[in-house]
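The values are calculated or read from the model by the stated rules, or taken from the named source; none is laboratory data. Note that the structure is predicted; figures quoted are calculated from it, not measured. Positions of Cβ are generated from backbone atoms using ideal geometry, with glycine treated the same way; all protein chains shown enter the neighbour counts.
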């Protein structure tokens, strides 16, 4: 058990070390880019007379992908699904009562085929 605790503590120490290193590197990179941005801004103004305002928010370079709205449900599908459910319930009752079930099973197959054909369109 002690071995597991030791491994956990080592992993935690390693994580904290990497976390601090990454933070320092990100801050350094940010400052580097900020300095470069200021230098470019200064050159644009001095050399070309063009004043550029440093944005407070980044610009999105790629357009967002539009997600197609789901198609409206086909009312025929809903009706057929209800019929299939009703026929399956009827089948369960017929089986429980010991009545013939072949006609009900055939009707279920017909409805399911019709439903499958509509969904394939």
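Do the conditions hold for residue 95, that is, is it within 25 Å of the chain's Cα centre (by Cα) and either more than 18 Å from residue 113 (Cα to Cα) or modelled with pLDDT of 90 or more (or both)?
no
Go through the range 21-55 and give me each residue that's in contact with a helix residue (DSSP H, G or I) (Cβ under 7 Å, 6 or more places away or on another chain) and surrounded by 10 or more Cβ atoms within 10 Å (Cβ to Cβ). First the steps, then the outcome.
Within the range 21-55, the first condition is being in contact with a helix residue (DSSP H, G or I) (Cβ under 7 Å, 6 or more places away or on another chain), and the residues that meet it are 50-52, 54.
Correct list: 50, 52.
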